[in-house]
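The values are calculated or read from the model by the stated rules, or taken from the named source; none is laboratory data. No experiment lies behind these values; they were computed from the predicted model shown. Neighbour counts are summed over all protein chains in view; Cβ atoms, including those assigned to glycine, are modelled from backbone coordinates with ideal geometry. Accessible surface is based on the protein model in full, side chains and every heavy atom, while ligands, DNA and RNA are left aside. Shrake-Rupley method; radii C 1.70, N 1.55, O 1.52, S 1.80 Å.
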Amino acid sequence: MTQVDGIRLGYGTNGFANHRLDDALRTIADLGYTAVALTLDHAHLDPFAPDAAAESARVARLLSALGLRCVVETGARYLLDPRRKHHPTLVCDEPGARIDFLCRAVRVAAELGADCVSFWSGIKPSTVAADTARERMRSGVGRVLQECERHGVPLGLEPEPGMFVQHLQQALDLRTQLGEPDLLGITLDVGHCVAVEPVDAAACVRRAAAGLLVNVQLDDMRRGVHEHLEFGEGELDLAGTLSALRETGYRGVAAVELPRHSHAAPEVAGRALSALRAALPSDAVG
C-alpha cells in the first residue's frame, strides 16, 4: 500500500505512452501505487472518440477494481493539432478548441470520479499582448468553470515553465482576478518549483496548500532547466517536499510525472516508488 497520511502516491499515464491504458493502469497498481494521473490522449481515453462516454464508464470500473484514485491531466501533445504541439492554447488567437477539450475533460473526470482536471495556460505567442493573454485566460477559464459547476469537478491550474502562467504567484493572481472561485485550485509540479520558482518546492507547497492545492506532480529537475528527471538526478529535496505535503495536511493525489520515460515505464515507475518510500519516515507508508 502506498498511502501517506491521506496522500495517495500515483504515477502518470503519460509515462506509459507505449502501453495500452488497461495495461498501464494494472501495472501502476501492481507496483504498489494507489493513484493515477490519467492524461487524456489518442490511445488513452480519447475524449473525442464516438464511444467516449461508454469508455469513461468502463475505465471508471477498472479504476475502482484496482483501487486507484484518479486525477485527469490534459497535457497531451498532439491531441488537438497533429502538427503543432500543445496547440491551440488558452492564450492563442483561436482558443475555442482548447476550451472545448477542457470541458470534455471535465465530463470525463465526472464519469471517472476523478479529484480534478489539471490544465495549464499554454505559451503566449509573441504577437499577443500580455493584457490580451490575461483576458483570454480569464474568459477561457471562466467558461470551463461553468462546466465544472455543472458536474462538481474542480480545476487545477498548473504553472508551467515557459508558459504564460509559469509561476505560482501568477496562478494565484488569476484565481483572485476570477473572484476566487471555489472550484479553481492549483496543480503544483514540484520539479517546476526547482526549475523556475524563487523559493524551494517545500515552500511552494506550503504557500499553495491553504485549501487551494488539488493536485501534485512529483519529479526531479535542475535549476533553470525544464527537464523531468528521475528522483536523485536533479536538485529537488524530495524528503523535505514530502514532509511539507504531510505537514500541510494535503490529502490528494501526488503522482510521478515522467512523460519522456515511456520506453522503460515499468522499471522507471518501480524506481520512483522505491525513492519515494526511502524519502519517507519508516512509519509513513503502510
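Quick one: which residue in 244, 209 is touching a residue at least 12 places away in the same chain (Cβ under 8 Å), among the aliphatic types (A, V, I, L, M) and out of contact with any Ser or Thr (no Cβ under 9 Å at 6 or more places or on another chain)?
Working: 209 fails: out of contact with any Ser or Thr (no Cβ under 9 Å at 6 or more places or on another chain).
Selected residue: 244, the only one of 244, 209 that is touching a residue at least 12 places away in the same chain (Cβ under 8 Å), among the aliphatic types (A, V, I, L, M) and out of contact with any Ser or Thr (no Cβ under 9 Å at 6 or more places or on another chain).
Taking residue 24 and the conditions (1) open to solvent by 10 Å² or more (accessible area, probe 1.4 Å); (2) over 13 Å from residue 113 (Cα atoms); (3) not hydroxyl-bearing (Ser, Thr, Tyr), which numbered condition does it fall short on, given that it satisfies the others?
The single condition residue 24 does not satisfy is (1).
Pull up the range 259-286, narrow it to residues that are part of a loop (DSSP other than H, G, I, E, B) and either over 12 Å from residue 9 (Cβ atoms) or at pLDDT 95 or above (or both), then point me to the one that is nearest to the chain's Cα centre (by Cα). Can you show your working first?
Narrowing the range 259-286 to residues part of a loop (DSSP other than H, G, I, E, B): 259-261, 280-284, 286.
This time we only want the ones that are either over 12 Å from residue 9 (Cβ atoms) or at pLDDT 95 or above (or both), so: 259-261, 281-283.
Working: 259: 11, 260: 15, 261: 16, 281: 25, 282: 27, 283: 27 Å.
So the residue we want is 259.
Checking residue 59 against (1) farther than 20 Å from residue 267 by Cα; (2) among the β-branched types (Val, Ile, Thr); (3) outside any strand (DSSP E or B); (4) within 18 Å of the chain's Cα centre (by Cα), only one condition comes out false. Which one?
(4)
Hey, could you check the range 204-259 for residues that are of a type in the set (Lys, Arg) and touching a helix residue (DSSP H, G or I) at 6+ places or on another chain (Cβ under 8 Å) and say which is surrounded by the fewest Cβ atoms within 10 Å (Cβ to Cβ)? Break it down stepwise before answering.
Step one: of the range 204-259, the residues of a type in the set (Lys, Arg) are 206-207, 222-223, 246, 251.
After this cut, where a residue has to be touching a helix residue (DSSP H, G or I) at 6+ places or on another chain (Cβ under 8 Å) as well, the list is 206-207, 222-223.
Details: 206: 15, 207: 20, 222: 15, 223: 10.
Across the range 204-259, the extreme among qualifying residues is 223.
Restricting to the range 214-231, and then to whatever is among the charged types (D, E, K, R) and either assigned to a strand (DSSP E or B) or in contact with a strand residue (DSSP E or B) (Cβ under 7 Å, 6 or more places away or on another chain) (or both), can you tell me which residue is farthest from residue 36 (Cα to Cα)?
Within the range 214-231, the first condition is being among the charged types (D, E, K, R), and the residues that meet it are 219-220, 222-223, 227, 230.
Subsequent filtering for residues that are either assigned to a strand (DSSP E or B) or in contact with a strand residue (DSSP E or B) (Cβ under 7 Å, 6 or more places away or on another chain) (or both) retains 219-220, 222, 227, 230.
On the way: 219: 15, 220: 18, 222: 25, 227: 21, 230: 17 Å.
Among those that are among the charged types (D, E, K, R) and either assigned to a strand (DSSP E or B) or in contact with a strand residue (DSSP E or B) (Cβ under 7 Å, 6 or more places away or on another chain) (or both), it is 222.
Would you pick out the residues in the range 260-286 that are closer than 24 Å to residue 204 by Cα and in contact with a helix residue (DSSP H, G or I) (Cβ under 8 Å, 6 or more places away or on another chain)?
273, 275, 276, 279, 280, 284, 285
Can you tell me how many residues in the range 119-164 are touching a helix residue (DSSP H, G or I) at 6+ places or on another chain (Cβ under 9 Å), of a type in the set (D, E, K, R) and open to solvent by 20 Å² or more (accessible area, probe 1.4 Å)?
Counting residues in the range 119-164 that are touching a helix residue (DSSP H, G or I) at 6+ places or on another chain (Cβ under 9 Å), of a type in the set (D, E, K, R) and open to solvent by 20 Å² or more (accessible area, probe 1.4 Å) gives 6.
Does residue 32 fit the bill of being within 18 Å of the chain's Cα centre (by Cα) and of a type outside the set (A, V, I, L, M)?
Values: within 18 Å of the chain's Cα centre (by Cα): no; of a type outside the set (A, V, I, L, M): yes.
For residue 32, the condition - within 18 Å of the chain's Cα centre (by Cα) and of a type outside the set (A, V, I, L, M) - is not met.
Specify the residue that is most open to solvent (accessible area, probe 1.4 Å); the eligible residues are those in the range 169-199 that are closer than 24 Å to residue 239 by Cα and part of a loop (DSSP other than H, G, I, E, B).
Filtering first and then ranking leaves 198.
Please tell me if residue 271 is out of contact with any strand residue (DSSP E or B) (no Cβ under 7 Å at 6 or more places or on another chain) and more than 22 Å from residue 36 (Cβ to Cβ).
Working: out of contact with any strand residue (DSSP E or B) (no Cβ under 7 Å at 6 or more places or on another chain): yes; more than 22 Å from residue 36 (Cβ to Cβ): no.
So residue 271 fails the test.
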